[in-house]
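Here is the structure we will look at, set down as structure tokens.
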């Protein structure tokens with residue numbers, strides 16, 4: 001697919017925040033045509049995946065058709081395909097479906113996947129939470145342990161309703177809050193015969209605080225709020241092994257559970273390793289401040305796929321807003337290159353960070369100001385922040401209002417165990433043997 | 001699980017319209033406790049499955065958690081389980097999960113599945129549309145053929161965008177209208193490079209009219225409306241065979257396609273054959289006018305699972321409203337039995353029948369009156385009818401208003417190819433050989 005007209009061809013890999021915002025910016029230019037390749041036909045809204053996992057939102061609420069998002073731009077072509085190889089030298093991409101694309105510019109925005117740091121059993125037994133697919137799997141697991149325990153309440157003694165979340169960053173903290181709310185709310189009502197109050201959410205982090213990227217007072221607020229919701233927080237503790245039926249911690253204790261959620265770190269998706277480009281922390285592609293890759297003219301790497309260094313010399317965090325802004329910036333630099341002008345270093349406009357801790361509490365830090373928010377105000381703030389992020393994605397404001405309304409009124413939890421997501425649990429698995437020779441301690445608390 | 005208190009135990013198999021309305025009616029009585037068993041954790045709203053298949057609604061819009069629907073009734077126990085065997089003599093039920101239940105009353109409302117009438121290849125290659133699972137599979141197939149054709153436009157010549165719907169009843173007619181709207185609307189916009197206008201919807205029925213249960217003028221209206229939308233209607237024609245890449249018709253022609261939707265008939269779910277009860281047309285359980293089964297005291301059969309004879313001696317149609325009303329009626333008869341009173345014959349209150357033909361047209365027949373509705377009026381009528389049906393299921397009116405709003409504003413088609421639903425198409429399958437020795441004619445029109 002060689003460019004057959006005068007327009008420069010930009011090939012973008014990945015329709016996440018970075019890739020999509022880059023495509024949308026380029027779509028307005030007459031100088032380029034764009035091919036956006038993604039293995040899914042949808043853009044996924046990562047910051048809300050934890051709500052898909054806890055049945056608060058449906059798949060259609062956190063996934064938007066890429067074709068819809070880019071509709072009406074004849075110079076943008078969306079192709080659904082799984083990238084098999086990318087050659088940064090020739091700026092060519094081939095897909096498993098057998099297509100190949102060659103760009104004048106190549107934008108790598110292929111995102112991340114869970115980084116298990118070699119933890120025994122984690123890849124096999126833990127539930128990551130970075131994609132719609134992973135969130136659906138986790139949702140099904142949560143609903144399945146409740147159904148199984150409802151049929152056989154003895155499973156409660158075997159930790160069926162213990163949920164262990166590894167990683168106290170925003171994803172882990174938000175999930176812990178939402179899950180605790182779900183248990184104390186919907187599940188308590190829906191399983192009146194089951195001792196749902198024995199259900200327990202554990203949040204484990206090897207660091208000394210939750211929400212490490214936030215200020216110290218926010219750490220305390222998050223911990224206090226989660227404890228009020230019944231979450232047991234274990235700080236300064238790492239995970240040694242994840243078995244099918246328990247997790248082993250660095251202090252020698254273990255927790256019986258069938259649901260270990262891995263929110264403990266990310267690494268670049270496998271494409272990074274195969275592209276022959278310089279990789280840094282987490283396997284992410286090293287980029288110059290202008291988001292290009294040294295030695296590979298016309299190649300950009302963005303979002304979670306790249307190590308982006310801010311003006312202060314620090315690595316930018318893996319945030320949707322960083323990804324979105326650098327996508328636009330890369331588009332600007334590409335258009336500058338075409339116009340024969342110079343590229344400029346990416347400047348991140350920090351709008352602050354925010355984490356929801358369940359439905360009724362949030363912490364937001366904007367500049368040096370910290371806001372602890374409760375009740376409807378927390379929701380309103382959350383709404384505002386996500387409206388800003390979504391405005392680039394959703395075509396119609398009605399959709400967002402509608403969706404927010406659904407969320408706020410709590411009227412329609414999507415507790416649907418889709419056929420295809422149901423993985424039956426073998427409750428006898430792991431019951432006899434421990435993990436890698438470690439004794440399967442059955443203490444669930446120190 | 002023997003009843004251990006003075007309340008009579010009613011075991012209901014199936015959480016469809018019949019089983020759920022029966023459970024809801026019984027829930028209000030102090031005389032009974034109820035166990036409702038379903039293989040899914042949700043009630044599915046069959047009349048709208050065609051909208052799930054055409055991406056107009058999401059899974060959460062047509063599936064409602066059974067536990068939520070029955071929440072707040074301590075005498076109702078929902079159990080997710082797949083019934084392996086039901087003994088009508090002892091009124092015992094065992095599930096594949098290893099549970100067993102014994103009732104003073106047994107209510108069989110296990111629903112239907114597609115009846116392929118032995119058509120060669122239909123079970124393997126056609127897409128039924130009776131369950132959420134089947135609607136999701138069909139949705140994925142529709143989205144997949146568009147994506148595949150977008151990558152390789154030559155597939156158009158091989159019928160990639162031909163859609164053949166077998167059966168001109170309400171399901172087939174409504175799907176044909178919705179699919180034609182989807183193609184001429186969303187798909188035309190989203191695949192600007194693809195010759196989407198070559199996409200073609202065929203509606204095949206062996207009878208002499210569409211919507212046979214409606215009046216003659218309605219037949220004509222449905223046909224005229226669908227033709228205006230570009231649907232090709234083939235009446236008086238039956239399907240001889242369904243191959244992976246084409247369908248062979250009784251007039252000797254064949255249509256190249258990868259998407260044959262089977263809306264051509266239903267039969268009772270397999271449980272009916274194994275229960276040792278009298279079966280009639282479509283394998284459905286024969287019931288007395290009071291919905292009980294002759295020779296099996298305390299056993300009721302309802303909805304699509306039963307052959308219900310109306311006061312005029314005719315079989316009741318397989319309609320949600322019939323199922324819903326007979327569920328309530330069975331509950332009334334069970335309570336009468338417990339009170340030592342007589343059972344009464346089911347009286348169906350016919351509120352009329354309605355079919356939507358795409359988004360902007362509908363035909364409704366109430367009593368002897370026929371209404372042909374266009375535009376917003378058609379939508380309003382549709383809204384009213386479904387609000388009535390849903391009122392028994394949804395707890396909160398907001399949910400319904402919200403959902404109707406989504407539908408009406410068309411703001412959020414759920415075009416998401418879920419990981420787990422994606423079945424890749426082997427485009428070479430069937431390309432060389434015909435079906436069962438029949439020549440693979442490649443004419444797509446007479």
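Inspect the range A:130-137 for any residue being surrounded by 24 or more Cβ atoms within 10 Å (Cβ to Cβ) and within 14 Å of chain B (Cβ to nearest Cβ) and give the result as yes or no. Scanning the range A:130-137 turns up at least one residue that is surrounded by 24 or more Cβ atoms within 10 Å (Cβ to Cβ) and within 14 Å of chain B (Cβ to nearest Cβ).
Screening residue B:15 on (1) part of a loop (DSSP other than H, G, I, E, B); (2) facing chain A (nearest Cβ under 9 Å); (3) within 23 Å of residue B:306 (Cα to Cα) shows it passes everything except condition (2). Checked against (1) within 14 Å of chain A (Cβ to nearest Cβ); (2) part of a loop (DSSP other than H, G, I, E, B), residue B:208 meets all criteria but (1).
Assess whether residue A:9 counts as being modelled with pLDDT of 95 or more, over 24 Å from the mean Cα position of the chain (by Cα) and either surrounded by fewer than 23 Cβ atoms within 10 Å (Cβ to Cβ) or over 26 Å from residue A:299 (Cβ atoms) (or both). So residue A:9 fits the description; yes. Of the residues making up the range B:323-341, just one is surrounded by fewer than 23 Cβ atoms within 10 Å (Cβ to Cβ) and either modelled with pLDDT under 95 or touching a strand residue (DSSP E or B) at 6+ places or on another chain (Cβ under 7 Å) (or both), namely B:338.
Hey, any hits in the range A:173-185 for a residue that's within 13 Å of chain B (Cβ to nearest Cβ) and crowded, with 19+ Cβ neighbours inside 10 Å? Looking through the range A:173-185, at least one residue is within 13 Å of chain B (Cβ to nearest Cβ) and crowded, with 19+ Cβ neighbours inside 10 Å. Any residue at all in the range A:252-263 that's under 27 Å from residue A:348 (Cα atoms) and within 22 Å of the chain's Cα centre (by Cα)? Looking for residues that are under 27 Å from residue A:348 (Cα atoms) and within 22 Å of the chain's Cα centre (by Cα), one finds at least one in the range A:252-263, hence yes. Restricted to helices (runs of 4 or more DSSP H) entirely inside the range A:19-94, those with at least 2 residues that are at pLDDT below 95, under 26 Å from residue A:175 (Cβ atoms) and facing chain B (nearest Cβ under 9 Å) are A:59-62.
The set of residues from the range B:122-157 being part of a loop (DSSP other than H, G, I, E, B) and within 21 Å of the chain's Cα centre (by Cα) comprises B:129, B:130, B:131. Yes or no: residue A:331 over 30 Å from residue A:183 (Cβ atoms) and either in contact (Cβ under 8 Å) with a residue 24 or more places away in the chain or touching a helix residue (DSSP H, G or I) at 6+ places or on another chain (Cβ under 8 Å) (or both)? Judged against the criteria, residue A:331 is a match. Taking the range A:96-112 as the range and being within 14 Å of chain B (Cβ to nearest Cβ) and surrounded by fewer than 20 Cβ atoms within 10 Å (Cβ to Cβ) as the test, the residues that pass are A:96, A:97, A:98, A:99, A:100. Among the candidates B:266, B:235, B:248, the residue that is surrounded by 15 or more Cβ atoms within 10 Å (Cβ to Cβ) and either out of contact with any strand residue (DSSP E or B) (no Cβ under 7 Å at 6 or more places or on another chain) or at pLDDT below 95 (or both) is uniquely B:266.
A single entry from A:153, A:170 fulfils the requirement of being more than 18 Å from residue A:50 (Cβ to Cβ) and touching a residue at least 24 places away in the same chain (Cβ under 8 Å): A:153.
With respect to residue B:367, determine if the residue is surrounded by fewer than 13 Cβ atoms within 10 Å (Cβ to Cβ) and either at pLDDT 85 or above or in contact with a strand residue (DSSP E or B) (Cβ under 8 Å, 6 or more places away or on another chain) (or both). Criteria not met by residue B:367.
The values are calculated or read from the model by the stated rules, or taken from the named source; none is laboratory data. This one's a predicted model, so the numbers in the text were calculated from it and none came from an experiment. Don't worry about glycine lacking a Cβ; one is built from the backbone with ideal geometry, like all the others, and counts go over all protein chains shown.
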